[in-house]
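Down below is the structure, laid out as structure tokens.
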Amino acid sequence: MRSETDHHEKVGSVLVVGGGVGGMQAALDLAESGFKVYLLEKEPSIGGTMAKLDKTFPTNDCAMCTLAPRLVDTGKHLNIERLTYSELLELSGTPGRFKVLVKKKARSVDPDKCTGCSECMEACLVRNRPYSPGVEPELQDVEGQELLVLREILGRYPRGREAIVPILQDITAEFNWLPEWSLRMVAHTLGLPLSRVVRVATFYNLFSLEPRGKHIIRVCTGTACHVKGAGKIVDSLERELKVKSGETTDDRRFTLEAVRCLGCCGLAPVVTIDEEVYGKITSARLVKELDAYPA
Ligand code: FES
């Protein structure tokens, strides 16, 4: 898209490059002052890094509470035109007479018609594994006992997408992870696209698509725990267990995970092993506690 103001009169339109929280606020301030504002963002949507944060340092404020009002205001302000999924290629001219060349990347959806229903994600063969509705998954490598357990779990729930989460919870409780064949069986049995089941399975931290250890160690690396030395605890556990964060020991005894805020910041640093919570824990004490968890 080429936008230019190459006549001699100054014009009152402004281009703000970057649709993060700073760019949005600048666009809003300028729009409120009466300028026509073009808000340029290279990502498919505005929001920037802040949209990916839970809390902000040092006040621990909810990031979305700061961002959401600005998102809404930039969306409905008549003086703001958002140019998302677009990049600035050239800028020339002088104040009041700038000329810009903007590249607008192709989209597969019409943003004016998008309602955010996410149905397009399920139909996308690039992002999701294709599926064949109604076709029984191939299960040659699955042990009979495991299949019996899964069929029993599937029999507990009615058909429909509401059953996905409880079924995945039950499978996790049995196997400690979600084998691919089990996801195919869930999709087949519930009559849903595999991509929908995979999407739920990958959304929650509770679920894992990799085999996990018998005991899950979660070290909180949220702000409060980080300040109280969570990094050192992760380091010492990695040394002791000879795994990196996110990995499982060779004997499948422990899986080590780093998580963001376990909701008990007053006890920082906090570690959980299975259902047990260890508050104000030290590396040395924690390593001793590991002996209490059998292989
Ligand atoms: S930051 Fe660790 S429990 Fe909240």
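The values are calculated or read from the model by the stated rules, or taken from the named source; none is laboratory data. In this text, all values refer to a predicted model and were calculated from it rather than measured experimentally. Cβ coordinates were reconstructed from backbone atoms using ideal geometry, including for glycine residues, and neighbour counts include every protein chain displayed.
Tabulated values for the structure
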{"item": "Meets criteria (β-branched (Val, Ile, Thr), farther than 30 Å from Lys280 by Cβ and modelled with pLDDT of 90 or more) for Ile233", "result": "no"}
{"item": "From Arg199, Arg253, residue being of a type in the set (D, E, K, R) and either within 16 Å of the ligand (Cβ to nearest atom) or in the same structural domain as Val165 (by TED's automatic domain parsing) (or both)", "result": "Arg199"}
{"item": "Residues being more than 17 Å from Ala27 (Cα to Cα) and not in a helix (DSSP H, G or I) - total across the stretch 44-54", "result": "3"}
{"item": "Positions within the stretch 88-147 being of a type in the set (A, V, I, L, M) and at pLDDT below 80, in sequence order", "result": "Val109, Met121, Ala123, Leu125, Val126, Val135, Leu139, Val142"}
{"item": "Filter result for the condition that a residue is among the basic types (Lys, Arg), closer than 15 Å to Gly18 by Cα and out of contact with any Pro (no Cβ under 9 Å at 6 or more places or on another chain), over Lys104, Lys113", "result": "Lys104"}
{"item": "Among residues of the stretch 256-292, those that are within 9 Å of the ligand (Cβ to nearest atom) and touching a helix residue (DSSP H, G or I) at 6+ places or on another chain (Cβ under 7 Å), counted", "result": "5"}
{"item": "Residue in the stretch 233-246 that is away from the ligand (no atom under 16 Å from the Cβ) and under 22 Å from the mean Cα position of the chain (by Cα) present", "result": "yes"}
